[in-house]
Amino acid sequence: MKIFIRISCLFFFGIISTYAQNNSVSGKVTSNGESLSFVNIYLKNTKLGTSTNENGFFELKNIPNGTYIIVASSVGFKSKSAKLILSGTEKITKNFNLSENNSLEEIVISGTLRPVTKSNSPVPVEVYSKTFFKKNPTPSIFESMQNVNGVRPQLNCNVCNTGDIHINGLEGPYTFVLIDGMPIVSGLSTVYGLTGIPQALIERVEVVKGPASTLYGSEAVGGIINIITKKPLNAPILSTDILTSSWGEVNTDIGLRYKLSKKAQGLLGINYFNYQNRIDNNKDGFTDLTLQNRISIFNKVNIERKSNKVFTIAGRYVYEDRWGGEMDWEREFRGTDIKYGESIYTNRWETFGTYELPTSENINFQFSANGHYQDSFYGTDAYDAEQVIGFGQFVYNKQIAQKHDLLLGLAYRYTFYDDNTFATFEEDGITNKPSVTHLPGIFAQDEIALNSQNKLLLGARWDYNSLHGNIFSPRINYKWNSKDKSDIFRASVGNGFRVANVFTEDHAALTGARKVEFNGELEPETSWNANINYVKKINTKNAFITLDGSVFYTYFNNRILPDYETDPNKIIYANLNGFSVSQGISLNTDITFTNGLSLNAGATLMDVSITENGIRKRQLLTESFSGVWSISYKFNSSFSVDYTGNVYGPMRLPLISDTDPRAANSPWFSIQNIQLTKKFTNNWELYGGVKNLLNFTPAKNSIARPFDPFDKEVVFDANGQATATPNNPNALTFDPSYVYASNQGIRAFLGLRYTLF
């Protein structure tokens, strides 16, 4: 308590001291009519400085009287400066228009596999900066996505707390996660690979909603999340971020820029997360939050070459030991029926990079490889798995007659997967047979500039899957913008294709509570998606406003869905004998006021349904409404407050039977957070606040029969179904799959950042 009082005093005196000076400078930074975000604005030879926000706006307050040189600087653009003379109470408006510096050309947006500004992209791409994620700091990028509209981190297990990321109601396996544009998180790592990415190294996150299979392959059905790491040349010399909470979580992020030689710059990142506090606030006998010990090491090297040709190579290693279960579980009980626990050891390595060929034409070779090894027990059920994926592609980009921007690609993907389940057995059910898949492909894209206000994007991809044959994925995008680009309209239609591997993608298939059964040979899924997007920008004297609305529709054939309801003791996977539809509308607004207040809010209304044998049902674990918001206010350049949150509508939940006493639908719920941030000079930053202000947690009976996790006291009939008995009147079995939110309640957090430029 004493430390929070001291922090409050520091914040208070920080506010009081700022009103001693009244001079201020504000303005906007643009380039070719486009707003530039995160441009460095500073007064030369002083410690006064800031950066532009997402809309290019900046403000410097409380400047002492005097003569100054104000500088606007950003990598990839030529710096500009101006002279300021301040005397008395001055409120000066100074705008900058920066011109590009071709010698330091920077990739900004990649919705089309090539550099393009956001407003020029015919594919709607949402960009979230590192500043956005700092408003609600979390130990992993998985949790950070909770404040992105239409994107929801979904927990899939009450015991081990693994999960995936949903986009517009579609499950995690439909979301393709990239690091620096390379496919890294997929297959076995879909469940476990979204943690351990050092956030100190993240520059921004790009989100594309809807199929991107034409460029990114068969897994990009629901959308892509592209995590862009910092360039070694742009990164600070040292950045550290240490975060702890009143629950006992400790997260440490370290980023270090170093020089290997005159032509080689490196960036080293280390993330360490530890949580070893057994808490059972809901009194069900199980840990509310999974205990974890995780370390991740990331290294990225950029090699300077002649003619500014690109050569970047990076690697990451992740080790994680996590377990959840009964409060008195110990390592000696791993794999036994003495005490129930889910224990998972993960070893993972990754490497990826880009090499621009030394030719007069623009040809890139991009590559990635990763190995994922899992040693785990879910109660008494062992799951040992190994996956190795190799990927490489050549991409050729050519401008033709100033109207056609042609992109051609040649890709190959190799996947090796082996585990100890029947998924890799021969037909005799005894002999082990690892799965090996080869996936060569070619793709082509033509971005046609019909005129200065209209663009047409045509794309097609052909892949050959060694197990399932030919795959064809076309798409078409259209974009119109007003002359001043204050109005932008986009429309798209695309096809998606996905080959499912249940055991690598769905944690529910691994839990020891239910047996897994396949109903027939699983066929690949196909889908068609249509999307309409409209963006309106409004600049007033006191505010910069962006309105963004989308309507989306996805139709699935052959969709693979888990059936929890036919048999309470099983999860039955089969291709849908019918069709599935995901449709809805999404609205976003971003408002930045000149007085230091900014608002980012969004809402998504959607209907995800499954129609089989003429019967239509809502999809399990899918909300019909979600909303997010982030409200920030800067009192001055060194003190700010952030209020973030989300709200979710009811989801249909998996019940064991008609006699299951648990609610069939989740309630409306909201997770809200508040944070105070104080900067001391340009190097030190202290932040703290409260998470889950409303102290929301799921129902205490979310785990069915937690006191009998091995069903030792359950009586089964001749068909293997639980029967009602005096000590089990509802005929329940142990089941941790009824989960829609974390059991972690209200908690305080405190963090410290140090940055050396």
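Taken together, the criteria exclude Ile631 from residues that are in the same structural domain as Tyr738 (by TED's automatic domain parsing) and loosely packed, with under 15 Cβ neighbours inside 10 Å. Looking at Thr604, Thr592, Thr611, Thr622, which one is assigned by TED's automatic domain parsing to the domain that holds Ser670, farther than 15 Å from Val151 by Cβ, crowded, with 21+ Cβ neighbours inside 10 Å and out of contact with any His (no Cβ under 6 Å at 6 or more places or on another chain)? Of the residues listed, the single one that is assigned by TED's automatic domain parsing to the domain that holds Ser670, farther than 15 Å from Val151 by Cβ, crowded, with 21+ Cβ neighbours inside 10 Å and out of contact with any His (no Cβ under 6 Å at 6 or more places or on another chain) is Thr592. The residue pairs whose first member lies in the range 685-704 and is closer than 26 Å to Pro654 by Cβ, whose second member is of a type in the set (Ser, Thr, Tyr) and in a strand (DSSP E or B), and whose beta carbons are closer than 8 Å, counting only pairs six or more residues apart or on different chains, are Leu694/Ser670; Phe696/Ser670.
Considering the conditions (1) basic (Lys, Arg); (2) farther than 22 Å from Gln366 by Cβ; (3) part of a strand (DSSP E or B), Arg461 is excluded by exactly one of them, (2). Please work out which residue is surrounded by the most Cβ atoms within 10 Å (Cβ to Cβ), limiting yourself to the range 665-688 and to residues that are in a loop (DSSP other than H, G, I, E, B) and modelled with pLDDT of 95 or more. Within the range 665-688, the match that is surrounded by the most Cβ atoms within 10 Å (Cβ to Cβ) is Ser666. Looking at the range 213-261, the strands (runs of 3 or more DSSP E) lying wholly inside it that each contain 3 or more residues that are out of contact with any helix residue (DSSP H, G or I) (no Cβ under 8 Å at 6 or more places or on another chain) and not basic (Lys, Arg) sit at 238-245, 250-261.
Which residue out of Pro698, Pro661, Pro650 is buried (at least 17 other Cβ atoms within 10 Å of the Cβ), under 29 Å from Gly163 (Cα atoms) and more than 23 Å from the chain's Cα centre (by Cα)?
Result of the check over Pro698, Pro661, Pro650: Pro698.
Residues are listed down the side, and each one gets a yes or a no for (1) under 25 Å from Asp590 (Cα atoms); (2) in contact with a Ser or Thr (Cβ under 7 Å, 6 or more places away or on another chain); (3) assigned to a loop (DSSP other than H, G, I, E, B); (4) not small (Gly, Ala, Ser):
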site	(1), (2), (3), (4)
Tyr128	yes, no, no, yes
Asn136	yes, yes, yes, yes
Ser144	yes, yes, no, no
Arg152	yes, yes, no, yes
Asn158	no, yes, yes, yes
Asn161	no, yes, yes, yes
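If you filter the range 453-482 down to residues that are modelled with pLDDT under 90, exposed (fewer than 15 other Cβ atoms within 10 Å of the Cβ) and of a type outside the set (A, V, I, L, M), you find that the one that is nearest to the chain's Cα centre (by Cα) is Phe472.
Gly578 meets the conditions (1) under 26 Å from Glu612 (Cβ atoms); (2) at pLDDT below 85 in every case but one. The failed one is (2). Candidates in the range 275-293 are the residues that are in contact with a Lys or Arg (Cβ under 8 Å, 6 or more places away or on another chain) and loosely packed, with under 15 Cβ neighbours inside 10 Å; of these, the one that is farthest from Gly325 (Cα to Cα) is Asn293. If you check Asn158 against the conditions, is it under 20 Å from Gly324 (Cβ atoms), not assigned by TED's automatic domain parsing to the domain that holds Phe625 and not hydrophobic (A, V, I, L, M, F, W, C)? Judged against the criteria, Asn158 is a match.
What are the pairs, 6+ residues apart or on separate chains, where a residue within the range 331-358 that is farther than 30 Å from Lys309 by Cβ has its Cβ under 8 Å from a residue that is aliphatic (A, V, I, L, M) and in a strand (DSSP E or B)? Note: pairs meeting the criteria are Gly335/Ala382; Thr346/Val318; Asn347/Val318; Arg348/Val318.
Considering the range 262-303, the residues that are basic (Lys, Arg) and either closer than 19 Å to Cys160 by Cβ or in a loop (DSSP other than H, G, I, E, B) (or both) include one that is farthest from the chain's Cα centre (by Cα), namely Lys262.
Residue count for the range 483-496 under the criterion of being surrounded by 21 or more Cβ atoms within 10 Å (Cβ to Cβ) and among the small types (Gly, Ala, Ser): the result is 3. The number of residues in the range 364-420 being assigned to a loop (DSSP other than H, G, I, E, B) and surrounded by 21 or more Cβ atoms within 10 Å (Cβ to Cβ) comes to 1.
Determine whether the range 338-349 contains at least one residue that is more than 18 Å from Tyr216 (Cα to Cα), in contact with a Ser or Thr (Cβ under 6 Å, 6 or more places away or on another chain) and loosely packed, with under 15 Cβ neighbours inside 10 Å. Taking every residue of the range 338-349 in turn, none turns out to be more than 18 Å from Tyr216 (Cα to Cα), in contact with a Ser or Thr (Cβ under 6 Å, 6 or more places away or on another chain) and loosely packed, with under 15 Cβ neighbours inside 10 Å.
The rows are residues; the columns are (1) in a loop (DSSP other than H, G, I, E, B); (2) closer than 30 Å to Lys47 by Cα; (3) not hydrophobic (A, V, I, L, M, F, W, C).
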residue	(1), (2), (3)
Glu623	yes, no, yes
Ser640	no, yes, yes
Tyr643	no, yes, yes
Val690	no, no, no
Phe707	yes, no, no
Ala718	yes, no, no
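Among the residues of the range 271-306, what is the count of those that are among the hydroxyl-bearing types (Ser, Thr, Tyr) and either free of Cβ contacts under 8 Å to residues at least 40 places away in the same chain or outside the structural domain of Ile363 (by TED's automatic domain parsing) (or both)? Matching residues across the range 271-306 total 2. Counting the residues of the range 624-652 that are farther than 30 Å from Tyr687 by Cβ and not aromatic (Phe, Trp, Tyr) gives 5. Quick one: in the range 421-443, which of the residues that are at pLDDT 75 or above, in a loop (DSSP other than H, G, I, E, B) and out of contact with any Phe, Trp or Tyr (no Cβ under 7 Å at 6 or more places or on another chain) is surrounded by the fewest Cβ atoms within 10 Å (Cβ to Cβ)? Result: Ile430. In the range 720-734, of all residues being part of a loop (DSSP other than H, G, I, E, B) and of a type in the set (A, V, I, L, M, F, W, C), the one that is nearest to Lys283 (Cα to Cα) corresponds to Phe734.
The values are calculated or read from the model by the stated rules, or taken from the named source; none is laboratory data. Small disclaimer: the values here were computed from a predicted structure and weren't measured. Glycine also receives a Cβ, built like all others from the backbone with ideal geometry; neighbour counts cover every protein chain displayed.
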